[in-house]
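Shown next, in structure tokens, is the structure this report addresses.
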Amino acid sequence: MADVILETKHLTKEFKGFTAVSDVNLQVQRGHIHALIGPNGAGKTTCFNLLTKFLVPTAGTILFNNRDITSAAPAQIARQGIIRSFQISAVFPHLSVMENVRIGLQRALGTSFHFWKSERSLAHLNDRAMALLAQVDLTEFADTITVDLPYGRKRALEIATTLAMEPELMLLDEPTQGMGHEDVHRVTELIKKVSAGRTILMVEHNMSVVSGICDKITVLQRGAVLAEGTYAAVSNNAQVMEAYMGTTASALEGAH
């Protein structure tokens, strides 16, 4: 059996009689890009919120590297190496792109934010910050004030700040949402590039993104696992096509 980095057993979340996530058994293999897909309301984001402990499960178990993290707090989970992209996104719009990445690096060092420290004392982080920006093709934007970045580049910055935390498992929540074709292509290539030596679990609507980079896909419907496997297997599954409100493969291909 392949090395499983993250596993859920019978993961369930109920809200006042409504079951948002129902008995989900998920296995994410180390080194894979694994996608959670499904129609709106399928429970994908609730699943992510359970994994990062923004929500507490009603029932079930979450294992990370064979350790039970079901009752761990969000900060403990982040320290263990599970980092969700929006948690440390570019939350400082009036700092430069490089300064945002540097803050991510400070967090990874376990130090508090040194806003009051002199520029010089943080200079040792600059080389690492620039290396991360190079990884996500943002070198030329290093001195740009973040609020002025184009949307697609902001998402690239989120990925850079996520990488600054040195995640063992990256959770990307709809990384290409709201993007034009050119940005979608750039961010897809970027995810593929930064996945080397890492594990990525992503929620994504865009099927062309999923088909191009994912090793395994789990399809959720009404909170439960409908199908699982490679893109080829999942896209030819009659139940999956039906869930995407069509009976032909083209409906799945066009689903966003």
Review point. Percent relative contact order of the chain, based on C-alpha pairs within less than 8 angstrom and at least six residues apart?
Key: 25 percent
Practice item. Go ahead and set up a Gaussian network model of the chain, Cα springs under 10 Å, then flag whichever of F15, F92, F48 fluctuates most. Key: F15
Practice item. Give me D215, D143 ranked fewest to most by other Cβ atoms within 10 Å of their Cβ, as a rough exposure proxy. Key: D143, D215
Review point. Can you sort K13, K193, K154, K44 by how many other beta carbons sit within 10 Å, fewest first?
Key: K193, K154, K13, K44
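Can you tell me how much longer the chain between V147 and D127 gets when fully stretched, taken as 0.36 nm per residue apart minus their C-alpha distance, in nm with one decimal?
Gain on stretching V147 to D127: 4.9 nm.
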**Study point:** Antiparallel DSSP beta bridges within the chain, as percent of all bridges there, nearest 5
**Key:** 55 percent
Revision key, fill the gap. In the chain, helical segments from DSSP H whose Cα atoms cover 15 Å or more along their own axis and that average at least -0.5 on the Kyte-Doolittle scale are 97-109, 151-164
**Study point:** Choice from I159, I37, I213 with maximal GNM fluctuation in the chain (Cα, 10 Å cutoff)
**Key:** I213
Point to revise | Proximal charge balance of T45 [Cβ under 9 Å; K/R count +1, D/E count -1] | key: -1
Review point. Along the charge dipole of the chain, which of V234, N206, I103 sits closest to the positive end, that is, farthest toward it, with unit charges on the beta carbon of Lys, Arg, Asp and Glu (+1, +1, -1, -1)?
Key: I103
Practice item. Report the residue, chosen from L157, L50, L95, that carries the largest GNM mean-square fluctuation when the chain is represented by alpha-carbon nodes joined by springs under 10 Å. Key: L95
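Coordinate-derived values only; no laboratory data. Values in this document were obtained by computation on a predicted structure and should not be read as measured data. Glycine gets a Cβ as well: all are built from the backbone with ideal geometry, and neighbour counts include every protein chain shown.
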